[in-house]
Amino acid sequence: MILPNQVSLIIPTYNRQEIALQTLQYLLKQSISGFEVILVDQTASNDSNLNNFKDDGFKYKYLKIKETGLPNARNVGAENAKGDILIFIDDDSIPEPDLIQSYMNLFNGDEKDKLCIGGRIIEKNTTMF
């Protein structure tokens, strides 16, 4: 059985500290707690509130890196993750309250050999079919 502490959610960001902070606030509404959130900040300036973000709902790790690029930021996040399940989201995501639980459920199913699962993205002002 997958436990919340085995899940790491990785968020790369670049010059969007306030937007990333909003995403962290949305993550406080998850239906479970105990998962890990790793925010990988590629912004050149050091004036950010992201380093000081605190909450008891999840374990938060702030990483500041100099080399920019989405693949690099994701790799740095993955290298620093403690979880067995890595979930990558964008810094402007508005995650559903059951995002973490949904991934845990997928990996707890009968198919134990799953390596990668992609999530659905619903863009603002679009219709669902």
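Spatially close Lys pairs in the stretch 1-112, defined by Cα atoms under 22 Å apart and a spacing of eight or more places or different chains, total 10.
Computed with every protein chain present, the accessible area of residue 53 is close to 20 Å² [probe 1.4 Å].
Surface composition of the stretch 1-49: carbon plus sulfur atoms contribute 49% of the solvent-accessible area (1.4 Å probe, protein chains only, all chains present).
The values are calculated or read from the model by the stated rules, or taken from the named source; none is laboratory data. Given the structure is predicted, the values throughout are model-derived calculations rather than measurements. Protein only, heavy atoms only, side chains kept; ligands, DNA and RNA dropped before computing areas. Shrake-Rupley method; radii C 1.70, N 1.55, O 1.52, S 1.80 Å.
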